[in-house]
1. Scan around Asp387 for amide H atoms under 5 Å from its own, H built in the peptide plane at 1.01 Å from N, and keep only partners 5 or more places away or cross-chain.
2. State whether the range 278-392 is rounded, prolate or oblate according to the following rule on the C-alpha gyration tensor (a ≥ b ≥ c being the square roots of its eigenvalues): a/c under 1.5 gives rounded; otherwise a/b larger than b/c gives prolate, and the remaining case gives oblate.
3. Quick check: residue separation of Arg42 and Thr20 times 0.36 nm, minus the Cα distance between them. What number comes out in nm?
4. Keeping all protein chains in place, calculate the accessible area per residue for the chain (probe 1.4 angstrom), answer in Å².
5. Give a residue-ordered list of calculated ³J(HN,Hα) values for the range 303-320 (Karplus: 6.51 cos²θ - 1.76 cosθ + 1.60, θ = phi - 60°; whole Hz; x for Gly, Pro).
6. Any chance you could count the Lys pairs in the range 5-116 whose alpha carbons are under 18 Å apart, treating pairs 8 or more apart or on different chains as valid?
7. Each residue of the range 166-174 in turn: what ³J(HN,Hα) in whole Hz from Karplus with 6.51, -1.76, 1.60 and θ = phi - 60°, glycine and Pro shown as x?
8. Could you work out the relative contact order of the range 353-451, using alpha carbon pairs under 8 angstrom and six or more residues apart, expressed as a whole percent?
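The values are calculated or read from the model by the stated rules, or taken from the named source; none is laboratory data. Values in this document were obtained by computation on a predicted structure and should not be read as measured data. Note that we place each Cβ from the backbone using ideal geometry, even for glycine, and neighbour counts take in every protein chain shown. When the accessible area is computed, the model is the full protein with side chains, heavy atoms only, and any ligands, DNA or RNA have been set aside. Shrake-Rupley method; radii C 1.70, N 1.55, O 1.52, S 1.80 Å.
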Amino acid sequence: MACGKVYLVGAGPGDPELMTLKAKRLLGEADVVLFDRLLDPRMLDGVEALKIDVGKNAGRHKLTQDGINRLLIEKAEAGNMVVRLKGGDPYLFGRGGEEALALQEKGIPFEVVPGVTSSIAAPELAGIPVTHRAVASSLTIVTGHEEPGKEAPLDWKAIAALGGTLVVLMGVSRLEQNVAALINAGKSPETPAAMVEKGGWKQQRMISATLATIAEKAKDRKIESPAILVVGDVVRLARKLGRRKVAILRPEGQQKESAALAEQYGFSPVQAPAIAIAKKPLPDDILKRLARVQCVAFTSANGVKMALESTAIRAALAEKMVVAIGPKTMQALVELGLSAEVPEEYSSAGLEKMIKGKCSSILFLRSAQGSRYLSEGLKSCGIYVDDIALYETVPSKDPRLDELIMMARSIDIFAFTSSSTARYLVERARELGQVQEMFEAFAAGTVAAIGLPTAEELSRLGIKVDVMPEKFTFEAMLCILKELG
Ligand code: SAH
């Protein structure tokens with residue numbers, strides 16, 4: 001049988017969309033694919049070839065480099081078209097050169113297919129350009145995982161003197177020693193430094209500090225491999241060019257709009273509904289109760305939509321003063337052809353001020369779990385308050401929430417838009433045995449509450465609230481998060 005061919009193919013840093021077209025095509029044509037454990041399984045979606053995991057970190061069944069070389073040769077000699085898929089670019093610290101030499105020695109045809117290297121892509125995706133005019137005009141890439149006693153050890157003195165940007169691959173296990181070596185060699189301890197973990201993956205995470213403090217911070221935040229260390233003034237650019245990940249926990253119906261808004265404000269939205277909306281049957285006496293009040297208040301667009309499905313309610317509303325707590329609720333009413341008034345301040349005080357002198361009785365049409373904080377305030381100043389629950393919020397059971405919980409420490413901002421989003425997120429984390437990790441993520445990241453009731457619920461759960469907008473809307477929350485940087 002004719003000898004096959006081996007393609008040494010770069011897979012990019014992890015996101016399947018960052019593979020080259022040629023890599024994708026070759027995967028489709030291959031008879032055998034040899035890959036490393038760290039590759040995103042989605043890269044091999046639809047690939048029919050025999051897939052062999054030669055992951056060198058795989059523990060029990062690890063193949064030595066010689067073993068991988070032998071396997072490549074054996075598969076090619078049997079006439080197969082073999083793709084050896086390697087992380088990033090095959091010839092940068094991936095031992096791709098060694099594999100190529102082994103094939104060349106045996107006279108086996110091979111071809112190398114370049115890939116997007118993590119040494120540039122991971123910092124880039126975290127908002128760090130590796131060179132930048134007037135900041136860094138050179139880039140040095142080194143391995144941080146040198147085996148002691150190697151023939152040509154790294155010359156840290158020369159590296160420290162270089163200026164420009166330094167990228168250290170395989171930088172986790174010896175981070176402390178490498179940083180110390182750089183400082184000892186004369187690099188300023190104040191030089192900005194960052195670790196980018198899992199660049200281009202969903203779980204991508206970046207921490208930044210100074211050379212003097214990065215190792216401790218990395219340990220504290222449990223930075224794991226694969227990650228790279230970036231040292232140099234370019235790290236500062238991440239403040240402007242990086243996109244912080246914000247978890248959007250709202251129900252499905254509000255996800256798309258909220259994610260688009262978050263993008264507009266320069267964030268990277270992670271959609272993870274924590275709650276879902278379940279409609280409740282209307283009470284039989286609803287029309288009687290409507291007749292008893294002068295004013296009807298809605299606290300959410302959901303409530304408006306559900307109430308106005310009933311033509312009887314719609315007719316009854318025509319004769320009432322209709323109040324919307326907040327602009328989105330107002331918009332929903334207007335879209336359905338009703339006009340409404342909105343208090344200047346979205347609180348019980350604001351509501352009280354607005355209806356004072358105009359009406360003495362009010363009916364809330366809203367969620368079963370909505371905070372009673374608005375109604376309590378009104379009752380205490382002598383207003384007759386009635387309350388009908390149109391719907392209730394229930395746990396979402398959405399797999400995206402579970403995914404978020406499992407990668408919680410890569411989230412920069414948790415945007416809580418109701419007390420139930422907070423409750424169900426914590427409840428689900430507890431069910432998944434991740435509550436401690438979740439609380440560590442809250443502490444390391446930023447916790448935002450849309451308004452007072454949400455902030456109170458977060459405090460009750462033991463979560464420190466970092467940000468609350470003055471105006472209780474999702475957009476105002478994004479706005480203040482952006483300002484705080
Ligand atoms: N040939 C690869 C590098 C192989 S060495 C490339 O060009 O990217 C393996 C090291 O690369 C890891 O220890 C880590 O430092 C880095 N690395 C690989 N993928 C990474 C990623 N997605 N994010 C951050 N670092 C990554």
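1. Amide H neighbours of Asp387, under 5 Å, 5+ apart: Phe364.
2. The shape class here is rounded.
3. Separation in residues times 0.36 nm, less the Cα-Cα distance, equals 6.5 nm.
4. Spelled out: the 1.4 Å probe surface of the chain, per residue, equals 48 Å².
5. Those phi angles translate into x, 4, 4, 5, 5, 7, 5, 8, 5, 5, 5, 4, 5, 5, 5, 4, 9, 10 Hz.
6. Going through the range 5-116 pair by pair, I get 16.
7. So the J values, rounded to whole Hz, are 10, 10, 10, 8, 6, x, 7, 5, 10.
8. For the range 353-451, the relative contact order is 26 percent.
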